[in-house]
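A short reminder: the numbers here are calculations on the coordinates, not readings from a lab. No experiment lies behind these values; they were computed from the predicted model shown. All Cβ positions, glycine included, derive from the backbone under ideal geometry; neighbour counts span all protein chains shown.
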Amino acid sequence: MDSEIAEALIREFTRVQAAPFVPEVQLYLADKLVPLWQATEWQAAGPQAPPFWAFAWPGSQALARYLIEAPETVAQRRVLDFGAGCGLAAIAAVMADASRVAAVDVDPLAVVAQRMNARLNGVAFEHRCQDLVGDDISEEVVLVGDVCYERETTERVVPWLRDLARGGALVLIADPGRTYAPVDGLELLATYDVPTLRELESVDQKRTRLWRLDAVKAT
Ligand SMILES: C[S@@+](CC[C@H](N)C(=O)[O-])C[C@H]1O[C@@H](n2cnc3c(N)ncnc32)[C@H](O)[C@@H]1O
């Protein structure tokens, strides 16, 4: 989809609002999933992934809260926001003085939303539309918010993240109890009750845990 059309669509189906758990950051956020999803499919004239990028999921809200409160986690370090969606965690990493921040997502519309959200907050970071899983990367910190919602994705992503941890990267996973999230080889860093949209989660908040992923599974 042409990026001007994508921007117009984002403006029409979202409104600028503070991330509920991270009021320091403004984002283009949708209040409803279905009308926007239908609009993306109509524009693209075919099936599209759900517009995950139009919501601040508990994962990125927890990561952003943590980085704003503990900026030393990323300060002067190279950071990758993997499965970045709206880019909230990447924005927080820039605010926390990371030396370089890249956001990666497989959805091209996420990249458009991230650019708009970066502009809103007066920050800049790199945007990549690509599936990096399996690649060797040079970032020192990898932020992973709410990507363990599908078995197939999680089974590919988590072993790769452990390889990155083995190579020395600090891998931070924030998860609100999704079915496929890893349960071992984790060090708990923070627990938050993150406000959520009832439209998406059927509840008003989700207990969300932020973990450091170890290089190896516990035995
Ligand atoms: C539930 S959303 C979470 C977005 C964001 N991290 C947050 O917490 O708000 C999951 C995101 O992961 C992205 N994603 C899924 N598989 C991916 C992959 N292999 N590489 C990059 N992004 C991926 C999706 O497109 C989607 O934007």
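Numbers below:
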item	result
Fewest-first sequence of TYR66, TYR192 by Cβ atoms within 10 Å of each Cβ	TYR192, TYR66
Rounded to 10°, Cα long-axis angle of helix 108-120 versus longest principal axis of the chain	90
Signed unit charges on C-beta, dipole axis of the chain, positive-most listed residue TRP37, PHE21, MET1	PHE21
Relative contact order %, the chain, counting alpha carbon pairs below 8 Å whose residues are six or more apart	18
Span from the the stretch 147-219 Cα centroid across to the the stretch 6-37 one, whole angstrom	24
Cα-based helix-to-principal-axis angle, 3-13 vs the chain, degrees rounded to 10	80
SER99, SER202, SER60 arranged by Cβ crowding within 10 Å, fewest neighbours leading	SER202, SER99, SER60
R0 of 35 Å, Cβ-Cβ distance GLU12-ASP184: FRET efficiency to nearest 0.05	0.20
Dipole moment magnitude, nearest 20 debye, the stretch 55-207 about Cα centre, only Lys, Arg, Asp, Glu C-beta charged	260
Tail weight of P(r) past 27 Å, computed on alpha-carbon pairs of the chain, percent	26
Quarter of the Cα convex hull surface for the stretch 132-205, i.e. its orientation-mean projected area (nm²)	5.6
Nearest 10 degrees, 0 to 90: helix 151-166 Cα axis against the chain principal axis	50
Relative exposure of ILE10, ILE173, ILE68, judged by other C-beta atoms within 10 Å (fewest first)	ILE68, ILE10, ILE173
Fully extended contour minus Cα-Cα distance, from GLN130 to GLN43, at 0.36 nm per residue	29.2 nm
Cleavage-rule hits (GluC sites (Glu not before Pro)) in the stretch 90-193: DSSP loop, at most 14 neighbouring Cβ within 10 angstrom	GLU150
